Amino acid sequence: MEREYLNLIGGEWTAAAGGATRSDRNPARSEDVVAVFPSGGREDAVRAAEAAARAFPGWARTPMPKRSEILLKAAALLEQRLDEVAQALTREEGKTLAESKGETARGVSLLRYYAGEALQPTGELFGSAVATTLLFAERVPLGPVALITPWNFPVAIPTWKVAPALAFGNTVVLKPAELTPLTAWHLADVLHQAGLPPGVLNLVVGRGSQIGPALAESPHIKAISFTGSNAVGAGLAAKCAERGIKFQLEMGGKNPVIVLSDADLDKAVELTIAGAMLSTGQKCTATSRVIVHRDVLGDFRDRLVARASALKVGDGMKADTYMGPLVSADAEKTVLDYIEVGKREGARLLTGGAKLRGGDYDRGFFVSPAVFDGVRSEMRIAQEEIFGPVVAVLEAKDFDEALALANDTRFGLSASVVTRDLGLALRFVREIEVGIVHVNSQTAGAEPQVPFGGFKGSSSGSREQGKAAREFFTQTKTVYLDPP
Ligand code: ADP
């Protein structure tokens, strides 16, 4: 029998209010039920928000070093169960075990990073125009916050929201994606075991369409941090704006790599493959367009197709797998539909893009890595986020055209250029319209100490991580202190 897990509300592990449950399944082997989780709804969200509100005054008063200590303890506990969490991640999301271990290790370092951030200065002193006044501005917590997270980085994204929210004195309702609750459960469990007081972190697994709006409408919730689709993000933003609460949205991408004529083509192919195909292309920072200078297009394309078609696709648990399955039947259908869209639009499918069949493939959602060329910028496969192992190759006659193509999208999360030309690399850094710029490295990747987020339709203008996390999860109180 698979284990049945519970939500965490007010320090108690509890079933969903209506008792509903949902099976968490392995996308590589759909008969494998990883766990059973509550399928919570509005009532659970309301109870969690109330619990977070009750816990807030105590947690906000808890000294920073104490909060920091709990995060450090949680980091140590997560590190101790790294293998178990990584296996859970591969089983419920599908990425390879190597990627899952890397992501869980990143969760550990995020907890440590924010344990350190919690000890940084909390404000600034100013010289006042009045001689007797002590004038300062202090960053104080917001209150209970709702964190709504997706399935593609189910350890890293919840951690990079939960850790700073807690470090800076907020209480939390975490609503992880329905497809990947077990990894979020581990995060909640290690924090609970590390000694978080009841109600400081609440975990509500269940239906996003019910829990999300209930949290956004709850008078207790003072901010929402969301990572997911543009459609859901836009709805949440409207609700937050109506209530006048803070929000932060991280959404889609259509991230380009530009390959210039002087590029090291082996390097360009490697970073395109890694950016496009690792995590089965299911990263908001995944490479989905490669814009190649026409002088090297043929050579680059041949090498890219050779690499893509040789990638080993399979169960992420197997040591030789490079690329695991898509996360769900819906995701698989979306990707296969886009392959048809691309063909209909007149792009040439050079390799992949097929449902893999036979043997173990029949048990999961496996699609072969796809490369299209002859892609024009107005095609849907060049404009819409596919969120799968599909890369579109576009031709450019020079740097200016490549840059214009790279910017011809409503998204603006990350981008990369491969070149040895420092002048062009600098122009790229200055003129590309994205929040995260890479020169000679892949479009994916995020370190905790620097801001993460995009331009245009990729974000709501806010940033996560680094100092940006303090900015978002606190508000400023300016104090004029005079003697009696
Ligand atoms: P994806 O599944 O493509 O990552 P979604 O935006 O559908 O993106 O999901 C991201 C998160 O938002 C998930 O935790 C999901 O349950 C949640 N969610 C889904 N619908 C809503 C909604 N109407 N309001 C708030 N959150 C939602």
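So how many residues does the stretch 456-484 have that are in contact (Cβ under 8 Å) with a residue 40 or more places away in the chain, open to solvent by 20 Å² or more (accessible area, probe 1.4 Å) and more than 22 Å from residue 414 (Cα to Cα)?
Result for the stretch 456-484: 10.
Kindly establish whether residue 65 is in contact (Cβ under 8 Å) with a residue 12 or more places away in the chain and open to solvent by less than 30 Å² (accessible area, probe 1.4 Å).
Against the criterion (in contact (Cβ under 8 Å) with a residue 12 or more places away in the chain and open to solvent by less than 30 Å² (accessible area, probe 1.4 Å)), residue 65 does not qualify.
Sort out which residues of the stretch 165-184 are of a type in the set (Gly, Ala, Ser) and in contact (Cβ under 8 Å) with a residue 60 or more places away in the chain, and write them in order of number.
If the condition is that a residue be of a type in the set (Gly, Ala, Ser) and in contact (Cβ under 8 Å) with a residue 60 or more places away in the chain, then 165, 167, 169 are the ones that fit.
Of all the helices (runs of 4 or more DSSP H) wholly in the stretch 82-199, which have at least 1 residues that are among the β-branched types (Val, Ile, Thr) and within 16 Å of the ligand (Cβ to nearest atom)?
Working: elements: 82-93, 97-117, 156-167, 181-193.
Because the criterion is at least 1 residues that are among the β-branched types (Val, Ile, Thr) and within 16 Å of the ligand (Cβ to nearest atom), the helices (runs of 4 or more DSSP H) in the stretch 82-199 that meet it are 156-167, 181-193.
For the stretch 208-264, name all the residues that are among the hydroxyl-bearing types (Ser, Thr, Tyr) and either within 23 Å of residue 407 (Cβ to Cβ) or more than 8 Å from the ligand (Cβ to nearest atom) (or both).
218, 225, 229, 261
Out of the residues in the stretch 1-49 that are basic (Lys, Arg) and assigned to a strand (DSSP E or B), state the one that is least open to solvent (accessible area, probe 1.4 Å).
Once the filter is applied, the top-ranked residue is 29.
The values are calculated or read from the model by the stated rules, or taken from the named source; none is laboratory data. Keep in mind it's a predicted model, so treat the numbers as computed, not measured. Positions of Cβ are generated from backbone atoms using ideal geometry, with glycine treated the same way; all protein chains shown enter the neighbour counts. For the accessible areas, the whole protein counts, side chains as well, though only heavy atoms, and no ligand, DNA or RNA atoms are used. Shrake-Rupley method; radii C 1.70, N 1.55, O 1.52, S 1.80 Å.
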